[in-house]
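Everything below concerns the one structure shown next.
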Amino acid sequence: MKRILTIFAAVLAGGMMAFAQTVEFNEDADLSIRKGVFSTEFVSYEYFGDHYFLNADQSFLDNKGRVNSEFVLNLVELRINPYESGMFSIGVDLAWDYYRLNKDHFWLPTSDKTGVDIASREASGFSKIKRSNLTVRSVSIPVSFEQNFGKCDLRIGIAGEYNYAGVSKFKAIDNNGTTIKETKSGERFSDSIKVRPFTYNVFGALSFGGLGLYVRYNPMPQFEEGFGPQFEKTLTFGLVCGLGM
């Protein structure tokens, strides 16, 4: 999968650069990377954020995790600069969303492994939960506008997301001191949890010298109803690195 994504990003970037070299938008434009009217960028920014849930399942809110976070990596970006301090852009991002319950609860895949429930450590006979992750990976296409104010950059936009099936991993120690390791064939491991294939979000970011803050609003639940925790709306706040023209 990683190889396919790498090849796709390289081909897309090559196509964008070829397009930039053939379009006559400005006779005096410098079409080199990061300058002029058209440009393409590799890995121009990263997001590190924490989720805040609105109207989530009460069972999740009561036992919500120590870490409910996301990591976003920009692979490639096409930028159009209509004037010196402003730009429009379209990019390709990879995102990872992590949901962890507190130490006394864990994600338990359903019998068909297409959904997850919340299980109790004590009722399941474990002395310690070492890992219980619920992860969703996504590819998104953000379309945004960015305005530069000296060393300060303001970006706003909207992104369409394609979500891969959710993955639940588990590792614990039972009351006899035996470690229950995660395996793909294990009872408490699943990589086919149903999510909504297509979602979207709106976002904004403010950075200074390549480091700043961002906020992202997701108005749609990420999981299919009945197959995972329901977050009707999600706000994500965090740090952005490398944002800037």
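The values are calculated or read from the model by the stated rules, or taken from the named source; none is laboratory data. Quick caveat: nothing in here was measured; it's all calculated off a predicted structure. All Cβ positions, glycine included, derive from the backbone under ideal geometry; neighbour counts span all protein chains shown.
Hey, can you tell me all the residues within region 109-130 that are farther than 17 Å from Q230 by Cβ and of a type in the set (A, V, I, L, M, F, W, C)? The answer is A119, A123, F126, I129.
For T114, the conditions (1) of a type in the set (V, I, T); (2) assigned to a strand (DSSP E or B); (3) out of contact with any Gly (no Cβ under 8 Å at 6 or more places or on another chain) all hold with the exception of (2).
Does L31 satisfy being farther than 20 Å from E161 by Cα and at pLDDT below 80? Judged against the criteria, L31 is a match.
Using the structure shown, decide if Y217 is under 19 Å from D57 (Cα atoms), part of a strand (DSSP E or B), out of contact with any Cys (no Cβ under 6 Å at 6 or more places or on another chain) and not acidic (D, E).
So Y217 passes the test.
Of the residues Q230, Q222, the single one that is touching a residue at least 60 places away in the same chain (Cβ under 8 Å) and under 17 Å from Y162 (Cα atoms) is Q222.
When the residues of region 134-152 are narrowed to those that are among the charged types (D, E, K, R) and at pLDDT 90 or above, which ends up surrounded by the fewest Cβ atoms within 10 Å (Cβ to Cβ)? My answer is R137. Among the residues of region 168-206, those that are crowded, with 18+ Cβ neighbours inside 10 Å, within 24 Å of Q222 (Cα to Cα) and small (G, A, S) comprise S168, S190, A205.
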